[in-house]
Structures are given as structure tokens and as C-alpha cells.
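Inspection log for the structure reproduced underneath, given as C-alpha cells.
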Amino acid sequence: MNLMQETLMRFSGLEGMLGNEPFVGGALILDVKGGRYGVVGR
Amino acid sequence: MKTLFKVLLALVLLLVLSGIGGYSYMKGKFAPPANQLTVAGLPATGPLRWLADTVARPAVPHAGLLVPIRLRNCPRTCYLQVDTGAPYTVLYAHQLTALRQRYPALGTSLQLREKVVPEFRFALGGAQVAVGHTKVLVNGTGEMPADSLAPFIIGSLGADVLEGRVLVLDYAASRFTLANEVPADLAARAIFAPLAFPERRLLLTAALNGESRQLLFDSGTSAYTLLTSQENWQGMAAPGAAPVPIPPIRGAKNCCCTRWLPTPGCALGPLSFRWARLPT
């Protein structure tokens, strides 16, 4: 994690960052229009 | 006494005003520029590809997520890295130069004007995308891979493509879908949880050791599973369990890799992280 990410995370109230790995083997639905996301299991 | 009071009041006022000023300054600083990306012809679907980092030790097979795009008058398929952590789409200067030299028929369509491409048009899985005022970063190797099947990455697709739309990243089938609605067959099989999109940042509500948290989804830095603070990480340790050192994935101490427990019908939603011992 670089300094920028760390600083942004600390000040933006974010509680963590996710990469692609948790979803690999399944599917991730980013329904920005509907304000929801969905996961199809692996 | 009265003078002292006035001076104090003025000081307090000054503090409050500079606080408000500083806050709005920082807010403006981090606010993304207006969204200049438009899409016609949805839904669109196409293949998803992994970019492997073979230079890193150990090699990272999932270093980046790529989508193919087609440019008018360019026979070669180019690629954009899917970067949901970036609020807007960018292009890489050296790659554009290489493209223009190889394919003069591109003409002035990718010509830079004051560090931006005024109108960047491409076909993405059957849809027509236009990005006005596309920022160009001094980036890229400037070399086109000799192997025509090797991905030639000319930029990254930011969260501007997501605004008001639906993006499905089907990692299992290696396909993406960009649409206006969630495909019905997928919606029936998926578990949903709230998503927020402030300032074009994707925040997914997930459970960290049973507690609801908002996590930023950044498809552009794929080499890790979950990054969280030391406190959250310590909170995730199972009671009584001795902490097992976790191999650093990226950036050592604040990094932790945990098990993903997708349980259908789970009250915690589709994403739940728990501290887990790594198999030794």
C-alpha cells in the first residue's frame, strides 16, 4: 500500500480496499444504477 | 475585558472559517471532473482478460483486468485496463504515439491537444463509447508487442463508465457485460448488498468479522484480496486464536489475506471476511 492510498484511506473514512481476488471464480455485479452490488458464488 | 472577548471571538471565527474553507478546498480537490463518457448501444458484452505480471517475484497471474476495444481504422485490437479505483478513463501517451506510427490511417483521431484527446471513440463489446476531453498520462512502453495476440494496453477504463449503468465482471466465464439493467438470469442467482458511489468511488458494504463495513472496490490493483487497517485486522482475529503471521502480499503490516465465506441467505450479505489461518 503506498502512502497516497494509506492517507486517502485514513482521511476518507474508508475501512478497507478490495481487489479482484475475492470474486475470482464467480461473478461480481456492480449495479451502480440500482445502488447495489451482487455476488454470484463460485 | 470587552476587548479580550472580541479578540477571542474573532480568533474563533477565523478558525471556523478557515476550517470550512479548508474542508471545501479538500472536497473540491478530491472531487472528480465532470463525467464526459457516453455509451450507445447497450447492452454490450465481451471477453475479460488477465494481465499477468511475470517480472514480479513471485509472479502475479492476476496483476490486471483487461477489456478489448476496437478503434476505427485500426486493425489491431487494443486493450484498456479496468480500473474502478480511478474516477475517469485515461490514455497512455507513448502507446498512442506507437499506434499512430504503425497505423497512419488513424489520422488525427488520437491526436493530443494540450495533454488531452478531445474525443476518444472506441467500440467496447458491441457498444459505442465516446470519451470527451480524455486525459493522457505519460505512461506505457511505446512498444507494440510483436505477437498480435499479446494485449496492447493503451489506457485504463475508469469508474466514469459505471455511472448510472451496470457492469458485470464474470470472472468465472471470463466475460464482462455493460448494461442498463442487471441481466435477469444473473439477478436470480446473485446475493445483493448496498453499494454507494460517492464521487465515482465504488464502496461495497461487506462484513468484516460480523461487522458491516464499507470497502472500496479497486479492480486496478488486483494483487491483493483485502487491505484494511491494523485495528480492523486485529479485530478480525478469532477470540483465543494465536495470530499467525500472514505472508505479506503488498506493503507488509497493514495487509491481510482472509477467507471469503459466501453463504447464500447469509444475513451479512454476499461478502464476509473472517480471520483465517493460512494453510501451511
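The values are calculated or read from the model by the stated rules, or taken from the named source; none is laboratory data. On a predicted model such as this, the values are computed, not experimentally measured, just so you know. With ideal geometry, Cβ positions are generated from the backbone for all residues, glycine too; neighbour counts draw on all protein chains shown. Please note that ligands, DNA and RNA were not included when accessible areas were found on the heavy atoms of the full protein model with its side chains. Shrake-Rupley method; radii C 1.70, N 1.55, O 1.52, S 1.80 Å.
Kindly check whether there is at least one residue in region B:92-112 that is farther than 21 Å from B:L149 by Cα, among the β-branched types (V, I, T) and open to solvent by 30 Å² or more (accessible area, probe 1.4 Å). Yes, some residue in region B:92-112 is farther than 21 Å from B:L149 by Cα, among the β-branched types (V, I, T) and open to solvent by 30 Å² or more (accessible area, probe 1.4 Å). Among residues that are in contact with a Phe, Trp or Tyr (Cβ under 7 Å, 6 or more places away or on another chain), open to solvent by less than 40 Å² (accessible area, probe 1.4 Å) and closer than 29 Å to A:E21 by Cα, B:C74 is not included. Cβ-Cβ distances below 7 Å connect the following pairs, each with a first residue in region B:161-173 that is facing another protein chain (nearest Cβ under 7 Å) and within 16 Å of B:L204 (Cβ to Cβ), a second residue that is small (G, A, S) and loosely packed, with under 15 Cβ neighbours inside 10 Å, and a separation of six or more residues or different chains: B:Y171/A:G25. So which of B:S156, B:S148 is touching a residue at least 24 places away in the same chain (Cβ under 8 Å) and in a strand (DSSP E or B)? When all the criteria are applied, what remains is B:S156. Checking each residue of region B:60-73 against the condition of being over 22 Å from B:G220 (Cβ atoms) and modelled with pLDDT under 95 gives at least one match.
For every residue, the table says whether it meets (1) at pLDDT 90 or above; (2) open to solvent by 20 Å² or more (accessible area, probe 1.4 Å); (3) touching a His at 6+ places or on another chain (Cβ under 6 Å).
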position	(1), (2), (3)
B:F120	yes, no, no
B:I153	yes, yes, no
B:L157	yes, no, no
B:V161	yes, no, no
B:N180	yes, yes, no
B:D185	yes, yes, no
B:I191	no, yes, no
